[in-house]
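Here the structure comes first, spelled out in structure tokens, and everything after it is commentary.
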Amino acid sequence: MVREFEVRWEGELPAPPQDVWEAITQHADGYLWPISYEPREGGAERGLTEGGGTVTAWDPPHRFATRTRPEAERDGVNALDYRLEALGRVTYLRYVHRAAVPADDFDRQLAACRAHTAFYLHSLGQYACHFAGRKAAYVSVEGPPESAQGGFAAVRRALGVPEDAVAGDRVRLAPQGLAPIEGVVDYATGPFLGVRGADALYRVYGRDAWGWPVGVAHHLFAAGADAAAEERAWGDWVAQVLTGERVA
């Protein structure tokens, strides 16, 4: 049995609507993960949902919407709606996400979706403001099962991020065995950490807050960035940190 929820978010993003529109529709791997949309109403979505979806609104740079295909909705709809309004050089975004989740896990899924939505849309603004139009090499690593308890704190410690770090602080990430990273904290809210480097966005998802393994994602914009090699290196590092350090 499933139950449907609706998550709404609205606020300003520090980039003009055209850059935000292109980020959503062409460069999702720059702030979310690789997704493709055919640029028209009725076009296909690939990568956002497992069974694929259909673009239901295409009005650049004002409104974009997509939803799962009916034949893939055995477990309920998944639909996103973005409405963009120009406010000088920034964009006022109104966003709605409708989805169905197992009824017996509704409260946890809703809380997680609300928190992830705020982080994802913040990252959308960071990409559109600082890296608009740039192609990304996307890296995603999930921690081992034991990271579902205390994993976020362990990753922060291993990166060398102070517990009291806030957005705007300059930091030097120091993952053992990997090159150090200079950047600025752009997000430090609840169980999420975002650091913006000169050519990358680095993200840590503390999904242990909901009893799930921790996730680490990088959006790399430097020319020649090797996503596969980076994913192997960071996968080894995450595994070492979260199995070699007692998480608590």
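The values are calculated or read from the model by the stated rules, or taken from the named source; none is laboratory data. Keep in mind that what you see is a predicted model, and the values were worked out from it rather than measured. Here the Cβ is made from the backbone with ideal geometry for all residues, glycine too, and neighbour counts use every protein chain on show. In case anyone asks, the SASA skips ligands and DNA or RNA and just uses the protein heavy atoms, side chains included. Shrake-Rupley method; radii C 1.70, N 1.55, O 1.52, S 1.80 Å.
Laid out as a table, the results:
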quantity	calculated
Alpha-carbon centroid distance for the pair the stretch 122-147 / the stretch 89-119, whole angstrom	18 Å
Relative frequency of Cα-Cα separations exceeding 26 Å in the stretch 41-175, percent	41 percent
Which label in (i) 22.1, 75; (ii) 16.5, 46; (iii) 18.1, 51 gives the computed Rg and Dmax of the Cα atoms in Å	(iii)
Signed unit charges on C-beta, dipole axis of the chain, positive-most listed residue 55, 1, 101	55
Mean separation of Cα contacts under 8 Å (6+ apart) over length of the chain, as relative contact order %	20 percent
Options 115, 141, 130, ranked by Cα towards positive dipole end of the stretch 82-153, top entry (Cβ charges)	130
Stokes-Einstein D (µm²/s) once Rh is taken as the Kirkwood radius of the stretch 137-178 over alpha-carbon pairs, at 25 °C in 0.890 mPa s	204 µm²/s
Mean Cβ neighbour count within 10 Å, used as a protection proxy, ranking 7-17, 167-177 highest first	7-17, 167-177
Calculated [θ] (222 nm, deg cm²/dmol) that DSSP helices of n ≥ 4 give over the chain, each run adding -39,500 (n - 2.57)	-8000 deg cm²/dmol
Accessible area of the chain divided out per residue, in Å², using a probe of 1.4 angstrom	48 Å²
Nearest-20 debye value, the stretch 116-248 charge dipole, Cβ charges on Lys, Arg, Asp, Glu	200 debye
Assigned charges on the beta-carbon of Lys, Arg, Asp, Glu; the chain dipole about Cα centre (debye)	280 debye
Of all accessible heavy-atom area on the chain, the percent that carbon and sulfur account for (1.4 Å)	48 percent
Using alpha-carbon coordinates, inclination of helix 227-244 to the longest axis of the chain, degrees	50 degrees
Taking the C-alpha atoms of the stretch 28-106, convex hull volume expressed per residue in Å³	105 Å³
